[in-house]
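Contents: one structure, followed by commentary.
The values are calculated or read from the model by the stated rules, or taken from the named source; none is laboratory data. These figures come from a predicted structure and were not determined experimentally. Cβ atoms come from the backbone with ideal geometry, glycine included; neighbour counts cover every protein chain shown.
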Amino acid sequence: MICQYDACGQPLRPGRRRSAAYCNDACRSAARRTREAAEVAKLREELAEAREALAHLLGVPRE
């Protein structure tokens, strides 16, 4: 099996759990931070769209 963290790609060491997706704790943490950053970016985009829609409904001119 190969580490599921895209920036790594190392094989999993013998002795890791069968269900392990990452070769070590650092890769698991980095993958989590990457997922969280992507989620934050998506939420920011949704917020910007919601603000634009609200401004349109309220008749506020765009900046």
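Among residues belonging to segment 21-30 that are loosely packed, with under 13 Cβ neighbours inside 10 Å and not hydroxyl-bearing (Ser, Thr, Tyr), point out the one that is nearest to Asp6 (Cα to Cα). Show your work before the answer.
The first filter runs over segment 21-30 and keeps only residues loosely packed, with under 13 Cβ neighbours inside 10 Å, leaving 25-26, 29.
From what is left, the residues that are not hydroxyl-bearing (Ser, Thr, Tyr) are 25-26.
Numbers: Asp25: 14, Ala26: 13 Å.
Step by step, filter segment 21-30, then rank; the result is Ala26.
What about Arg33, is it among the basic types (Lys, Arg), modelled with pLDDT of 90 or more and surrounded by 11 or more Cβ atoms within 10 Å (Cβ to Cβ)?
No, not satisfied.
Consider segment 42-63 and keep the residues that are of a type in the set (A, V, I, L, M) and surrounded by 10 or more Cβ atoms within 10 Å (Cβ to Cβ). The one that is nearest to Cys8 (Cα to Cα) is Leu43.
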